[in-house]
Every structure is written in C-alpha cells, then in structure tokens.
Amino acid sequence: MKYIFCVLMIPMLFSCNNIPKQSYTNEIKTVSFDELAPLLNKKDDKIYVVNFWATWCAPCVKELPYFEKLTKNNPKEKLEVILVSLDFPNQLESRLEPFARKNQLQSTLLFLDEPNENEWIPKIDSNWSGSIPATIIYNKNERQFFEKAFTEQELNQIVNYFKQS
C-alpha cells in the first residue's frame, strides 16, 4: 500500500513545478531626500499616503497590510500609497528586497538612502522625533503627520476624511 501511494504521488510532485507562480514586479527605487521631497508636496487631485517604515520595525511591519489594502482598494489616480523604507543600506539586498518579494508589496516602494537623518527629518515634519512608523497623509488642501502605528480602522477613517475634504 505504501508503494502504491508513493507511485501515485510522484507525478503530482512533478506537476506542481508546472504551476505558474505569481511574479513580483514591483521595483524598489533608491532615492535621496531631494528626490523624495517633491513626492511630499504634490498639488493635484490625489490623496497621498506616505509611510516611513523599516523591515526591522515590528509595528511598521504589522501595519503594512493596511497600507497595501489602500493600494488595492483605491484607483491609483485617486489615492497613492508610497512606502519609504528606512532600512540600513547594507540591508537593501539581504532584507528589504526579499521582504518586498515575499509580501508581494504593490504600493510605490522607495528606499531612502540619506545618511544624515538629523538634516532631513525636520524637513518632513518639524515635530517628528525620528521614530517610526510615521506617516504623512495629504491632498492639495490639507496635510497631517502621524508619528504612530495605525490600526486598519484608524487608517481608513483618516483616508475617508481626506476623501471628503
């Protein structure tokens, strides 16, 4: 009986290799603060959700699915989620890229390569201590900065507020 089971299982194992795998095509773009800055102040009809995070930050990783749902559930011409990774430069290939692939991140994904955080953090928000997660949500009329982790409900409430403003 064991041999019959094994013989029947062998073709199934080989056929599993023929199942197409979903490919991950999202590119991680490395940017300087000067390249990031224009994305923090657009004046078009979109809502922008810019989240500063890192793979080593547990609260950041916990809330990432909520940002991904925003990307999935909203047309890109109405709302854009930009995930700005603050991972260490030596972790780009070893940690960030595998994480993004494994989690199939679909939001715009940027890696901020700026060594002097004391120079650019106050340019994001003058009250930002530098802790993450941190998020800017803005449209052409209003801007809010949050130095906290979101629940899914909180994030949706704030985005809905921006949709109405």
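Just so it is clear, none of the values below were taken in a lab; they were calculated from the coordinates. Every value quoted in this text rests on a predicted model; they were computed, and no experiment measured them. Note: ideal-geometry Cβ built from the backbone for every residue, glycine included; neighbour counts use all protein chains shown.
A few comments on the model shown:
- In the stretch 25-164, taking the dipole from charged Cβ atoms about the Cα centre, the farthest positive-side position among GLN91, GLN153, ASN127 is held by GLN153.
- Sorted by Cβ neighbour density within 10 Å, fewest at the top, the residues VAL49, VAL159: VAL159, VAL49
- Taking only alpha carbon atoms, the stretch 80-121 gives an Rg to Rh ratio of 1.00, where Rh is the Kirkwood radius.
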